[in-house]
1. Run residue 74 past the list (1) touching a His at 6+ places or on another chain (Cβ under 9 Å); (2) at pLDDT below 85 and report the number of the one that doesn't hold.
2. From the residues in the stretch 9-41 that are among the charged types (D, E, K, R) and within 10 Å of the chain's Cα centre (by Cα), which one is nearest to residue 75 (Cα to Cα)?
3. How many of the residues in the stretch 1-28 are modelled with pLDDT of 80 or more and assigned to a loop (DSSP other than H, G, I, E, B)?
4. Among the listed residues 86, 44, 59, which satisfies the condition of being within 23 Å of residue 10 (Cβ to Cβ), more than 9 Å from the chain's Cα centre (by Cα) and not β-branched (Val, Ile, Thr)?
5. Out of the residues in the stretch 35-92 meeting the condition of being in contact (Cβ under 8 Å) with a residue 60 or more places away in the chain and part of a loop (DSSP other than H, G, I, E, B), tell me which one is surrounded by the fewest Cβ atoms within 10 Å (Cβ to Cβ).
Amino acid sequence: MGQRHLVSAPARVETCPSCRRMVLAGMDEGLVVRADPANLNAYGELAALARGLWTYDYGPARELWLRTVHTIKLRRHPVLADHVCGAAMVPAAHRGPGPTPRFMPSNPVDPPY
């Protein structure tokens with residue numbers, strides 16, 4: 001029997017049906033993902049993880065890839081966090097450089113996690 005792979009699909013801009021904010025919605029390994037489009041720096045990602053949110057790499061073909069302990073130190077793509085209805089916007093101190101770019105250089109001030 002061949003290997004089975006779960007479905008992944010490119011993210012697209014949608015409006016959250018509950019709070020009406022703009023989100024990126026896609027599918028990663030069979031799970032529906034809704035992420036806030038704010039690009040996070042390392043401190044923003046740490047704050048999101050401390051709140052219990054998952055974080056994702058936003059790949060060059062609009063894929064959302066779950067970040068794991070094996071990939072969290074790599075910052076080759078913009079990093080986005082799960083969307084939470086009613087949550088405050090990401091503070092400027094936690095945002096990465098500019099609007100969600102296609103490719104992001106490594107952050108020279110990565111925390112040691």
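The values are calculated or read from the model by the stated rules, or taken from the named source; none is laboratory data. Treat the numbers as computed from the prediction; the structure is a model and nothing was measured. Note that we place each Cβ from the backbone using ideal geometry, even for glycine, and neighbour counts take in every protein chain shown.
1. Of everything listed in (1) touching a His at 6+ places or on another chain (Cβ under 9 Å); (2) at pLDDT below 85, residue 74 misses just condition (1).
2. At the first step, the residues of the stretch 9-41 found to be among the charged types (D, E, K, R) are 12, 14, 20-21, 28-29, 34, 36.
With the extra rule that they be within 10 Å of the chain's Cα centre (by Cα), the set shrinks to 34, 36.
Working: 34: 20, 36: 18 Å.
Among those residues, the one meeting the criterion is 36.
3. Of the residues in that region, 6 qualify.
4. 59
5. Step one: list which residues in the stretch 35-92 are in contact (Cβ under 8 Å) with a residue 60 or more places away in the chain, which gives 37-39, 41-43, 46, 83, 85-86.
Applying the additional criterion that residues be part of a loop (DSSP other than H, G, I, E, B) yields 37-39, 41, 83, 85-86.
Numbers: 37: 17, 38: 20, 39: 21, 41: 21, 83: 21, 85: 12, 86: 7.
So, considering only residues that are in contact (Cβ under 8 Å) with a residue 60 or more places away in the chain and part of a loop (DSSP other than H, G, I, E, B), the one surrounded by the fewest Cβ atoms within 10 Å (Cβ to Cβ) is 86.
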